[in-house]
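Input: a single structure, listed below in structure tokens.
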Amino acid sequence: MFLAADEPWQERAACKSPQSLALFFPPVHAERKAEKLAREAAAKAICARCLVAKACLEYALEIEEPHGIWGGLTEQERKALIGRRAG
Ligand code: SF4
């Protein structure tokens, strides 16, 4: 991937459309487990073809983002990764 040094990674995000928000973050109402899994799988499928997934994930880890799918990982998966990196 080519990303100019002064170009924010967000400019290349595959989830830039406003409709993506509904996939990447939980709804305000209660969400059934099956709905949650389906929503997360759809979001992760977008992340899987995103050119800036690595930068996105590192950003989310750095700021300890507590919500949503970032870089193809859920909040719980990011927490686990932070724990593994801490050793
Ligand atoms: S990795 Fe996923 S959450 Fe991050 S910018 Fe790409 S599509 Fe969006």
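For this structure, a couple of remarks:
- Filter pass, residue 45 being more than 28 Å from residue 6 (Cα to Cα) and without any contact (Cβ under 8 Å) to a residue 12 or more places away in the chain: no
- Which numbered condition residue 30 misses (of (1) crowded, with 17+ Cβ neighbours inside 10 Å; (2) free of Cβ contacts under 8 Å to residues at least 40 places away in the same chain): (1)
- Region 61-87 residues that are surrounded by fewer than 15 Cβ atoms within 10 Å (Cβ to Cβ), paired with ones that are in a loop (DSSP other than H, G, I, E, B) and aromatic (Phe, Trp, Tyr) (beta carbon under 9 Å, 6 or more apart): 67/25
- Of the residues in region 20-38, none is within 28 Å of residue 86 (Cβ to Cβ) and among the hydroxyl-bearing types (Ser, Thr, Tyr).
- Some residue of region 51-59 being out of contact with any strand residue (DSSP E or B) (no Cβ under 9 Å at 6 or more places or on another chain) and open to solvent by less than 20 Å² (accessible area, probe 1.4 Å): yes
- Just so you know, in region 33-50 the residues that are among the hydrophobic types (A, V, I, L, M, F, W, C) and in contact with a helix residue (DSSP H, G or I) (Cβ under 6 Å, 6 or more places away or on another chain) include one that is surrounded by the fewest Cβ atoms within 10 Å (Cβ to Cβ), and it is 42.
The values are calculated or read from the model by the stated rules, or taken from the named source; none is laboratory data. Just so it is clear, the model here is predicted, and its values are computed rather than measured. Heads up, the Cβs are rebuilt from the backbone with ideal geometry, glycines too, and the neighbour counts pull from every protein chain shown. Accessible surface areas use protein heavy atoms only, side chains included; no ligands, DNA or RNA. Shrake-Rupley method; radii C 1.70, N 1.55, O 1.52, S 1.80 Å.
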